[in-house]
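Have a look at the structure below, then the notes.
Read the figures in this text as sums done on the coordinates, not as results from a lab. Quantities reported herein were computed from a predicted structural model and do not represent experimental measurements. Here the Cβ is made from the backbone with ideal geometry for all residues, glycine too, and neighbour counts use every protein chain on show.
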């Protein structure tokens, strides 16, 4: 049997832990979640000297308190899973600070290896470290390494195997936290050790320490014992009163300061530095990039660059996806006869799956860009510069990235935007951000705006678009302010944040990062969005026309065709319906709409007739030759028939749409939407827009009898709406604002659910609807009062 | 002349030794775990375009804090005799 070692990899953010993890495990990584929480658990396997070494990547943390999910996850893993070793990655240039975490692992007693990363940088900065003495004083093996280049990795694995073979015991160190605290620690430890109620997983002294630090997780556990609980509580209360009276500090602060004292005692002897404050390259870059005037300008350029890169780079892959799904649609049309199954496959399944996969290139490149900004260190500067503004709205400097990606510059996508909120650490700031990003003007809303602007504001297109961008920011920021002062109320979280040195990100790291996050999106979102789009398809399809209605339309169609076939000009040319079908096929193939039918079966006169009809349709009379003149009358009649049949088909679609769940909903909703001026046709379009906002345009097209409306070419619908009763600039603007704010599309709602909870996803639908309704209501009613919108 | 002042009052590029962190609870914990502790020598690196937050250098790393957080950190600085902050 192979011998197995389990190690937990830990370290401060920016210590190079991820780089080290990638360097050790390569591509053999496995990603899951820690049980019950959304914190990612990465693990990998490496074989070394006959051992199978499993490496579990703990979340990057500065400390091991119970105040952040990541820290709880990290310490619970060490306590409950009892890895054989903890390897702590520390930045060799900043030992004092990185040892703060290492010291807390020592307090837990787990066997520890210190991996001193980036020793090359430290050396270049004139920092000399006595590794041997450090190892003795800290009582842990020390391995210098450079994770970026892979230097020291195999020595680290050697040390892991060596240390494992010596099988060191779990042994908490004797760190002194001052007389008062030490005495209290002894008392509490004694109580815990005496008690039978407490399991022995945790070292008693560590538990006692956590009690004095006011650690809720541990205190909660201890309070369950009816005898020991109150005793411990009393000791804690006493010591707090005592230290507050004598030192004006709580025990937690005293303990923290003593940890640093312990660390400084070691590093003073081990680390020699030439200069206290060095001006390094990073500081020089910051002189420009965080400069009062140049800094914000650069930031706008860089954010704009990230945004453009994401959409530019994903443009071509998105086209490939589109082509692929067009091909699938054609295949279904070819293989499946017309009917409910075909409709389900095309409008439900393919459009649904296409909806998910269509976002994949965008998400991939967005994550790539974000990983670049994060790994290079620039993201922290963005937060630093914008904090003062966003703080007022209860957001964080880092919220801006999510808002830009969602369409803050107009055109974007809220799905990657919601995923981009992962860089926010505080849960309330994060949820506030992900609830407001759907207000930004994503790419799918643009066709709706374009159509309405063309119809009613064609003179000020650019100005209106710019105004809409500002409006979406205003709504998002004020919505955040509302959320943060009501449901997401909470104290401003401490901002203290590191500005990590600028570093060139490694390509390997960027690729692994962006791909694994994208893959998770595909896996998780795919199935749910598919299910939802089938449901929505059903809503737009069932129950459909009644039998009588279907029959009625059939009768009208047949009557038209019969009249056509009986016309004197036609009788000699077309004998029956089959001939008409053949003519249709030739006509369409000549228009280039379908494949050319087999040549040898076609009677030449039908071909000539179709030819003439095409010329007539294009009003291309100059090209009518002698053969054509014979067919002018027949051709005209044929074109008339086609037009009339198209009208019937349109009425059929309209009637069918009215007789669906969505249509029924649209009618019922009129009661509510009357103050906004929306009648059932707009309502149906808005219901359909839940699938994707651009569907609003095509559904309005059907509702206003236009047939298929290409979202890219909305001219004819604009024309129609301009002349439709009840439509005027005020109505159009009301609909624009409503579209901007109402429910996020399905894909976004699902992403919100994945990133927060079912409850927040549901809340986002209600919240956005309320805001949209209120805004549209005010706009329309004020507009009417001002005498706008008559016409 | 040596004097202990609040970090918010410090000027750009000014150096000093951290004497006391008066913040407790969430803020106190966060300030300490990010690497600030009594005895650390720090230097003001700069301020954000809107004068808040402030960036400080400790050894070889840079931290940023909001002004209200900097208010709870006391630094011993060497002030020239004509300095108004004396």
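In table form, for the structure just shown:
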item	result
Ordering of A:228-237, A:460-469 by packing [mean C-beta count within 10 Å, highest first]	A:228-237, A:460-469
For region A:336-375, radius of gyration divided by Kirkwood radius, i.e. Rg to Rh on alpha-carbons	1.37
For region A:361-456, Kirkwood radius (reciprocal of mean inverse C-alpha pair distance, Å)	13.8
With Cα atoms, 0 to 90° folded angle of helix A:758-785 axis to chain A main axis	50
Contour excess over end-to-end distance, with Cα ends at residue A:548 and residue A:301 and 0.36 nm allotted per residue	82.7 nm
Peptide-level mean, for A:390-399, of C-beta atoms on other protein chains within 10 Å	1
Per-residue [θ]222 nm for chain A (sum of -39500 (n - 2.57) over DSSP H runs n ≥ 4, rounded to 500)	-20500 deg cm²/dmol
Spin-label model distance (nm) - residue A:522 vs residue B:20, 7 Å beyond Cα toward Cβ	5.9
Between region A:648-704 and region A:716-743, the Cα center-to-center distance that results, in Å	13
Estimated FRET transfer efficiency (residue A:217, residue A:617; beta-carbon r; R0 56 Å; 0.05)	0.15
Region A:624-783: proportion of alpha-carbon pairs further apart than 22 angstrom, %	52
Angle between chain A longest axis and helix A:661-673 axis [Cα atoms, degrees, rounded to 10]	80
Share antiparallel - DSSP beta bridges, chain A, percent rounded to 5	45
Added length on full extension, which subtracts the Cα-Cα distance from 0.36 nm per residue, residue A:777 to residue A:79	245.6 nm
Ranked B:20, A:166, criterion: other C-beta atoms within 10 Å, fewest first	A:166, B:20
Distance between region A:189-217 and region A:414-467 - C-alpha centres, whole angstrom	51
Kirkwood Rh in Å, taken over region A:37-107 so that all alpha-carbon pairs contribute	13.4
Cα-based equivalent ellipsoid, region A:743-790: semi-axes from gyration tensor eigenvalues, Å	33, 9, 5
10 Å Cβ neighbours from other chains, averaged over peptide A:256-266	3
Distant alpha-carbon pairs in region A:527-592 (separation over 16 angstrom), percent	68
Contour excess over end-to-end distance, with Cα ends at residue A:133 and residue A:174 and 0.36 nm allotted per residue	12.9 nm
Shielding score for A:242-249, defined as the mean number of other chain Cβ atoms within 10 Å	1
Helix axis angle, A:95-108 relative to chain A longest principal axis, alpha carbon, degrees	80
FRET efficiency, 1/(1 + (r/R0)^6) with R0 30 Å, evaluated for residue A:248 and residue B:86 via beta carbons	0.75
Relative contact order computed over chain B (Cα-Cα under 8 Å; 6+ residues apart), in percent	43
Burial order of peptide ranges A:680-689, A:39-48 (average beta-carbon count within 10 Å, highest first)	A:680-689, A:39-48
q = 0.09, 0.14, 0.17, 0.19 Å⁻¹, region A:54-186: log10 I(q)/I(0) [Debye, one scatterer per Cα]	-0.28, -0.68, -1.00, -1.22
Region B:1-76 - convex hull of alpha carbons, volume per residue in Å³	80
Pairwise centroid distance, computed over Cα atoms, of region A:50-126 with region A:750-791, Å	47
Förster radius 30 Å - calculated FRET efficiency between residue A:577 and residue A:667 (Cβ-Cβ, nearest 0.05)	0.20
For region A:352-412, alpha-carbon Rg over 2.2 N^0.38 Å	1.31
Kirkwood hydrodynamic radius of region A:423-537, from inverse mean 1/r over distinct Cα pairs, in Å	18.5
Rg to Rh, two decimals, where chain A supplies the alpha carbon set and Rh follows Kirkwood	1.10
Residue order, fewest to most beta carbons within 10 Å, for A:225, A:649, A:250, B:81	B:81, A:649, A:225, A:250
Volume per residue of the C-alpha convex hull in region A:423-473, rounded to whole Å³	78
